[in-house]
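Here the structure is laid out as structure tokens; the discussion comes afterwards.
Rule-based calculations on the coordinates, nothing more; no lab input. On a predicted model such as this, the values are computed, not experimentally measured, just so you know. In this analysis, Cβ positions are derived from the backbone assuming ideal geometry, glycine residues included, and neighbour counts consider all displayed protein chains.
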Amino acid sequence: MIWIIRIFLLGYAILYFGIGAWAIIDPVKDALDLSEIPSYMNAVGLTVSSEIGYSEVAGLYGGINMVVGLLCFLGLFSRGIAAYAFSLLAFLTLSIA
């Protein structure tokens with residue numbers, strides 16, 4: 001049973017960390033010559049009206065998603081953190097719904 005929880009947490013860690021990294025890289029992908037990566041903002045339906053908006057996308061969307069992914073990864077090694085990670089995932093899911 002514990003291995004199912006670990007697989008679940010590992011999957012969420014990969015997904016959230018990847019989405020967070022994608023959101024952080026998106027504003028600077030043209031400068032880094034990563035034009036083959038699709039736009040995060042187009043995928044989620046965001047538009048930026050001023051330059052400060054790019055840091056908001058990277059900081060808020062990228063940072064929060066990466067921290068959730070890191071928390072799920074740490075939950076693989078600690079039951080207390082795993083319980084907290086599940087609580088956070090439930091809160092995020094319910095607040096979106």
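Things to note:
- The ranking of 81, 19 from fewest to most other beta carbons within 10 Å of each one's beta carbon is 81, 19.
- (1) 127; (2) 113; (3) 89, with the label sought being that of the calculated volume of the Cα convex hull per residue in Å³: (2)
- Each of 86, 91 has some number of other Cβ atoms within 10 Å of its Cβ, and from fewest to most they run 91, 86.
- Helical runs (DSSP H, four residues minimum) scored at -39500 (n - 2.57) apiece and divided by the length of the chain put the mean residue ellipticity at 222 nm at -21000 deg cm²/dmol.
- Karplus-derived 3J(HN,Hα), 6.51/-1.76/1.60, for each residue of region 76-83, Hz, glycine and proline x: 5, 10, 9, 5, x, 5, 4, 5
- Acute angle (nearest 10 degrees) that the helix 63-74 long axis makes with the longest principal axis of the chain, alpha-carbon atoms: 30
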